[in-house]
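Accompanying notes for the structure given below.
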């Protein structure tokens, strides 16, 4: 059975800073300790609890992702800059063209969410390397995440559970959550002045988590990456947000692609000793050096239902040689949550196709 929650829930999640996590393969690399101070001890949230919270908050939409449910597929190529090979031996940066399957999305579990909602936007990429390996990058267009630990993220989902009588979260419960979880403050502060982009093509996307680049000599460098739009950044004006139809982002992306490739430059920011790698809510200092690592070009846009991106589990822990995980607990948590969501939608799709 499918249930749809009011659009107000997405707004509440945006206020919480919690409409941003993906929920869909298993880690390809172990994390490397960073020497950061450990996060405060908390109960261990489970993937089952997180997926249950999404299903309770948004209903179950059979065969669809539990989070970032509404999206659009895209495809193209990535050409890495060989200069990046000084910090990573990954074939991604060989300078050869690498096929890419992409997905753009809105956060939350409502497939009918408004494209003008004041929530983050997502861009997920699967790079298909010549040796058969895959590299996934799952990004948001906000520079920091909403929770420092899986338990904090789960607590936020629970705080945002709609009241059956109103269909909206209890404001007092939301306020209590915010006050008791100071790790939510950085993203919540950013969202106070945030306006969603006019097009997926007019947005910068951030990797959120720290990763490791490993070069040919085995030297490991903490990094964070972002993709900067060649078309420039443009946000919706308040008047546009009020008058635009519920669905326009996929059409605008297709119209833009019809005029030529949509491009982003990949920038890799290099961490220094002491920069947090285990907390996605804390940004690194703005003066950190960076390397331009390549160009993403997307040329084909299509619906996600039946599209190539529909069957991809964009787990950010799927990495090729030369790229590794950090000690970020939220990054590690995403793999089992993604796997559970993916398994459920595959099962639902199989049941729907079974003969009756």
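The values are calculated or read from the model by the stated rules, or taken from the named source; none is laboratory data. As the structure is a computational prediction, the values presented were derived from the model and not from experiment. Heads up, the Cβs are rebuilt from the backbone with ideal geometry, glycines too, and the neighbour counts pull from every protein chain shown.
Of everything listed in (1) out of contact with any strand residue (DSSP E or B) (no Cβ under 6 Å at 6 or more places or on another chain); (2) surrounded by fewer than 17 Cβ atoms within 10 Å (Cβ to Cβ); (3) in a loop (DSSP other than H, G, I, E, B), the single unmet condition for residue 288 is (1). Please give the helices (runs of 4 or more DSSP H) falling wholly within the range 165-266 in which 1 or more residues are touching a helix residue (DSSP H, G or I) at 6+ places or on another chain (Cβ under 7 Å) and farther than 30 Å from residue 94 by Cβ. Passing ranges, in order: 171-180, 185-191, 249-258.
The set of residues in the range 135-153 being within 17 Å of the chain's Cα centre (by Cα) and over 27 Å from residue 193 (Cβ atoms) consists of 135, 136, 150.
Between 143, 150, the distinction of being within 30 Å of residue 323 (Cβ to Cβ) and surrounded by fewer than 19 Cβ atoms within 10 Å (Cβ to Cβ) belongs to 143 only.
crowded, with 22+ Cβ neighbours inside 10 Å, touching a helix residue (DSSP H, G or I) at 6+ places or on another chain (Cβ under 7 Å) and modelled with pLDDT of 95 or more, is that true of residue 328? The answer is no for residue 328. The single condition among (1) under 17 Å from the mean Cα position of the chain (by Cα); (2) surrounded by fewer than 20 Cβ atoms within 10 Å (Cβ to Cβ); (3) in a strand (DSSP E or B) that residue 282 does not meet is (3).
Where the second residue is part of a loop (DSSP other than H, G, I, E, B) and modelled with pLDDT under 95 and the first is under 18 Å from residue 273 (Cβ atoms) and lies in the range 212-223, which pairs have Cβ atoms under 6 Å and are six or more apart or on separate chains? Hits for this filter: 212/32. Only one entry in 63, 95, 80 is modelled with pLDDT under 95 and more than 19 Å from the chain's Cα centre (by Cα), namely 63.
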